[in-house]
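Please treat every number below as a calculation from the coordinates, not as lab data. Given the structure is predicted, the values throughout are model-derived calculations rather than measurements. Heads up, the Cβs are rebuilt from the backbone with ideal geometry, glycines too, and the neighbour counts pull from every protein chain shown.
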């Protein structure tokens, strides 16, 4: 897959959205997804590498969802299912495609994927200091849970 590039001139949102394909990622997409995350300015983590994404896809080939136009990745989201709850994270859209509905389209695809897996409760991990990301989630219809702490290892 090529590095994410602008999709070009738009004549309207609905026409633009038809040009995009939202699909499950394949192992061959792993390097392009990592490049997308860099281009989009996603907060780096220690699992931002193709090998980690391939392990994710080995575990569940439907967990990583990508949006593609003209052979270029424009967005991605991880919709993880642990058998009880669904988690959505790494919702990333290349800057040139933001504010045209792609983030919402990826979110809906992740919600459908998790509902089909059996999840009745979903959570999302959002970088609090990312004003644009926090604004997206606040406008998404999801409830912000401020009374919870998150602890991590690694």
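Of the numbered criteria (1) over 21 Å from residue 85 (Cα atoms); (2) part of a helix (DSSP H, G or I); (3) touching a residue at least 12 places away in the same chain (Cβ under 8 Å), the one residue 38 fails is (3). If only residues of the stretch 41-62 that are part of a loop (DSSP other than H, G, I, E, B) and in contact (Cβ under 8 Å) with a residue 24 or more places away in the chain are counted, the one that is farthest from residue 20 (Cα to Cα) is 46.
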